[in-house]
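One structure below.
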Amino acid sequence: MRFAKLAAALLLAFCALAGPAFAEVAVVDVARVIERSVPGKVGQQYIDNLRKSLNDELAAFAKSASKDKDAAQKTAQKQAELNARFNAEYSRVSGLMAEEVRKAVAGWLKANKEGVTVVVPAGSALGFKPDADVSREILKRLNRVKIDFAKKK
């Protein structure tokens, strides 16, 4: 009996000491937040317009080069160039969105009064309860942001 009381006391002491090591964790469905956000929709429209513009540029180039003996090679080279431009711009736009999501999460964490100290992407979690999902709050913060995707730094 005496050993059981000692073991219980040690366990309580250990839990009290270990308590701060445990973090309250929340999750965010990042893809859904970006997809539904105003800046995400604007960014997607920007990317769609860029894709159309580059496709039109490729079609015009192919038409003008169609009489050349090495038209296929020139067109393939132009397509590779345009693909590289698209990929670079897509990466830049994605980076801007990721930066704004991180800022929204950081702002939410700073204002959070629920004890949450860590936010992870929902897709990285092995599982979580629905009340751990703070996507709606992050979406609200992200919707307040305006991003000029055409502006190059």
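Between Ala80 and Asn49, the contour length at 0.36 nm per residue exceeds the alpha carbon distance by 9.3 nm.
Protein heavy-atom accessible surface, 1.4 Å probe, per residue over region 23-153: 68 Å².
Please give the net charge around Arg32, taking every other residue with its beta carbon less than 14 angstrom from that of Arg32, where Lys and Arg add +1 and Asp and Glu add -1. Present the calculation step by step, with values, prior to reporting the outcome.
On the way: positive: Arg36, Lys41, Arg136, Lys140; negative: Asp29, Glu35, Asp133, Glu137.
After counting each charged neighbour, the total is 0.
Could you check how many percent of all C-alpha pairs in region 73-124 are farther apart than 15 Å? The calculated P(r) of region 73-124 puts 65 percent of pairs beyond 15 Å.
Lys152 exposes around 110 Å² of accessible area when a 1.4 Å probe is run over every protein chain in place.
In the neighborhood of Val116, defined by Cβ-to-Cβ distances under 12 Å, what is the net charge if each Lys or Arg adds +1 and each Asp or Glu adds -1?
Combined, the nearby Lys, Arg, Asp and Glu give -3.
Across region 83-153, Cα-Cα pairs farther apart than 16 Å form 58% of the total. Shown is the FRET efficiency for Glu35 and Lys110, computed with R0 = 22 Å from the Cβ-Cβ distance and rounded to the nearest 0.05: 0.30. With a cut-off of 12 Å between beta carbons, the residues surrounding Asn49 carry a summed charge of -1, where Lys and Arg count +1 and Asp and Glu -1.
First compute the accessible area of region 28-113 with a 1.4 Å probe, then give the percent of it belonging to carbon and sulfur atoms.
Carbon with sulfur: 54 percent of the solvent-accessible area.
When the GluC sites (Glu not before Pro) in region 95-153 are filtered for DSSP coil states and for at most 14 other beta-carbon atoms within 10 Å of their beta-carbon, the remaining sites are Glu114. Taking only the C-alpha atoms of region 33-153, Rg followed by Dmax gives 20.4, 69 Å. Accessible surface comparison of Leu50, Leu142, Leu126, probe 1.4 Å, protein chains only, largest first: the order is Leu126, Leu50, Leu142. Taken as Cα centroids, region 17-81 and region 103-153 sit 23 Å apart, rounded to the nearest whole angstrom.
The values are calculated or read from the model by the stated rules, or taken from the named source; none is laboratory data. From a predicted model like this one, the values you see are computed outputs, not experimental measurements. With ideal geometry, Cβ positions are generated from the backbone for all residues, glycine too; neighbour counts draw on all protein chains shown. Ligands, DNA and RNA are stripped out before the accessible areas are found, and what is left, the full protein with its side chains, is counted by its heavy atoms. Shrake-Rupley method; radii C 1.70, N 1.55, O 1.52, S 1.80 Å.
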